[in-house]
Each structure stands twice: as C-alpha cells, then as structure tokens.
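Have a look at the structure below, then the notes.
The values are calculated or read from the model by the stated rules, or taken from the named source; none is laboratory data. It should be emphasised that the depicted structure is a prediction, and the values quoted were computed from it without experimental measurement. Please note: Cβ atoms are built from the backbone with ideal geometry, for glycine as well, and neighbour counts cover all protein chains shown.
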Amino acid sequence: MKRVIGLTGGIATGKTTVADYLANAYNLPILDADIYAREAVAVNSPLLEQIVKRHGEQILLADGSLNREKLGEIIFNQQEERLWIDSLIHPYVSDRLSLAIKETPAKTLAAVVPLLFEAGMTDLVTEIWVVTCSEKQQLERLMQRNQLTAEQAQARISSQMSLAQKKKKADIVLDNNSNLEKLLQQVDIAIFRQ
C-alpha cells in the first residue's frame, strides 16, 4: 500500500521547510496543493471567470491573471466570500491531488495541503503530519515573509482552523518552535515510524 503523508499546519509554520527536506534528504515526491489551487484560477479558467463574474474586472491584473492581493483583501475580511471561493477551488484541488497520488509510482510521497482539514481532504492521505509553532512565532514569520501588518497577518491566521485543533487530529506533530536542526530531527524520526 502507498504511504501518503499529508503535510499540513498553519500558515507560516514551516510546511515548506519540511517538504523541501523530505524531497532532498529522502527523495520523496512532493505534491503541493497550492500549485493546484493556482492552476484552478489560471488565466481563462472557468473558475477565474466565475470569480470575475462575482467580483468584477478589478479582481484581475493587467495581464488578465488573478490579483491575489485584492482577492486576499476580500476573502480574509469576509468569511462568506472565503467560503464561496473555497467551494470553487477545494473540489478542483482535491481531484487533481487524488489523480496525482494515483499516478505517482513512488511507494511513499508527501502531499502538502495547508487546508487539509478545512477542505475535507484527509481521506486522500494515510497519515497526517502537522507542523506547528507558537502563535507569536507564526504571526512574526507571516508578517516578515509576506510583508503584512499584524492585523493582515492575524486575519489570515484566523481564517484557518487553529493549530491546537489541528494538533489533536495529527498522527505526528512537528514542533517548529526551536531551530531548524531540531525540526529536521523530528522529521527523521517520523519518516521511519511505520
């Protein structure tokens, strides 16, 4: 049976760091739900057309692609709009991820799915790893990484299920409160746990 690690956690907790390590140290194929989510709203896609119909042309950049910053302002401040967008994008991402898992010949692979629980995609994986850190660290990392104000960063964090809830549903919790070496040691232990 294929081992599919569902790698999740909160925004800016260290999922990409863990995924990169799994790819580089263990040669695991990495499937990234964010790539499929971007594909879902690519120029001229049916989903992008629905978003434009609902929010108007101002949701687009000059080249016809989605203005992610503008969409972020809408969805992170209006829960109803976020749920509407999620209802469009999550089924697309789930279908693409499911197909990619089936088509990947490797016996072990990792699927990085930030909204694994929120999008109801837990049935696609065989185990769930949650990368976590303190709320203070998460907020600081997100502000620095995305050049956001504390208020903007908090709105993004609040739009996701809490880390405490995710930890309760995890098979493995990777604590990213310390340094990189300590995080990667936890990954080394988790990868050999069967």
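Data overview
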item: Breaking point among (1) β-branched (Val, Ile, Thr); (2) in a loop (DSSP other than H, G, I, E, B); (3) closer than 22 Å to residue 146 by Cα, for residue 17; result: (2)
item: Qualifying positions in the range 157-168 - crowded, with 17+ Cβ neighbours inside 10 Å and part of a helix (DSSP H, G or I); result: 157, 163, 166
item: Lone unmet requirement of (1) among the β-branched types (Val, Ile, Thr); (2) crowded, with 17+ Cβ neighbours inside 10 Å; (3) part of a loop (DSSP other than H, G, I, E, B) for residue 43; result: (2)
item: Residue within the range 156-176 that is among the acidic types (Asp, Glu), closer than 24 Å to residue 36 by Cβ and under 17 Å from the mean Cα position of the chain (by Cα) present; result: no
item: Residue 28 vs. criteria at negative phi and assigned to a loop (DSSP other than H, G, I, E, B); result: yes
item: Residue 154 being among the polar types (S, T, N, Q), farther than 12 Å from residue 7 by Cα, in contact with a Leu (Cβ under 7 Å, 6 or more places away or on another chain) and surrounded by fewer than 18 Cβ atoms within 10 Å (Cβ to Cβ); result: yes
item: Some residue of the range 176-192 being outside any helix (DSSP H, G or I), within 25 Å of residue 95 (Cβ to Cβ) and in contact (Cβ under 8 Å) with a residue 40 or more places away in the chain; result: no
item: Any hit, the range 9-28, residues being surrounded by fewer than 16 Cβ atoms within 10 Å (Cβ to Cβ), in contact with a helix residue (DSSP H, G or I) (Cβ under 8 Å, 6 or more places away or on another chain), more than 20 Å from residue 186 (Cβ to Cβ) and not β-branched (Val, Ile, Thr); result: no
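Matching residues to (1) of a type in the set (A, V, I, L, M, F, W, C); (2) closer than 25 Å to residue 37 by Cα; (3) at pLDDT below 95; (4) touching a strand residue (DSSP E or B) at 6+ places or on another chain (Cβ under 9 Å):
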residue	(1), (2), (3), (4)
113	yes, yes, no, yes
119	yes, yes, yes, no
126	no, yes, no, yes
150	yes, no, yes, no
186	no, no, no, yes
